[in-house]
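> Provided herewith is a single structure, encoded as structure tokens, for subsequent inquiry.
Bear in mind these aren't lab numbers, they're just calculated from the coordinates by the rules spelled out. None of these values were measured; they are calculated from a predicted model. Backbone-built Cβ (ideal geometry, glycine too); neighbour counts: all protein chains shown.
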Amino acid sequence: MTREQTIEQLEALSQGIHPGTGEIVEPASPLNDPTLRRILFAAVVLLKDGRFGRGGGPKVPLAERNRALGKPLRSSAPWDQEEERALETRLVAGAGLREIAKELARTPGALVSRLERLGVLDPSERLLGYDDIAARAREHLQEGETADGEQTAAVV
């Protein structure tokens, strides 16, 4: 079986179609389990992306791959200044990390990492819960200083 045939058959299964007959899989069939179908779809994405098996497949757009893997759409995407500004502005406005993560299509952990990189949080503050991290970052931003005490432009 070729790589292309494997992908074709896995795609059919991930859509609830029997690859041999082309018929829709019975609703009670284990092949129709939603978790299994998501796993099959993720395998197809990885095969097409060349990150599974021998590689060489076409690159799958990041958002499509993230959707297949159940990740926020912007996971692993580079940050831009607009997103960084939105993160800081929303924190100062009182939003929590989980809420901001949904808005920016990122994970709360990615926001914590970005706040560290921007100098808003000290790495030791990573051990706090998300609510406490948001409060600490908010304080630093409102005071216009980084976590190490250096002055920055205060976010208003």
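> Within region 77-92, which residues are under 16 Å from the mean Cα position of the chain (by Cα) and either in a loop (DSSP other than H, G, I, E, B) or loosely packed, with under 14 Cβ neighbours inside 10 Å (or both)?
If the condition is that a residue be under 16 Å from the mean Cα position of the chain (by Cα) and either in a loop (DSSP other than H, G, I, E, B) or loosely packed, with under 14 Cβ neighbours inside 10 Å (or both), then Ala77, Pro78, Trp79, Asp80 are the ones that fit.
> Being in contact with a Pro (Cβ under 9 Å, 6 or more places away or on another chain) and either of a type outside the set (Asp, Glu) or surrounded by 15 or more Cβ atoms within 10 Å (Cβ to Cβ) (or both) is true for just one of Ile100, Ile39, Ile7. Which residue is that?
Values: Ile39 fails: in contact with a Pro (Cβ under 9 Å, 6 or more places away or on another chain); Ile7 fails: in contact with a Pro (Cβ under 9 Å, 6 or more places away or on another chain).
Matching residue, one of Ile100, Ile39, Ile7: Ile100.
> Now a separate question. Mind checking which residues of region 103-126 are over 30 Å from Thr35 (Cβ atoms), surrounded by 13 or more Cβ atoms within 10 Å (Cβ to Cβ) and not β-branched (Val, Ile, Thr)?
Arg114, Leu115, Glu116, Leu118, Gly119, Leu121, Asp122, Glu125, Arg126
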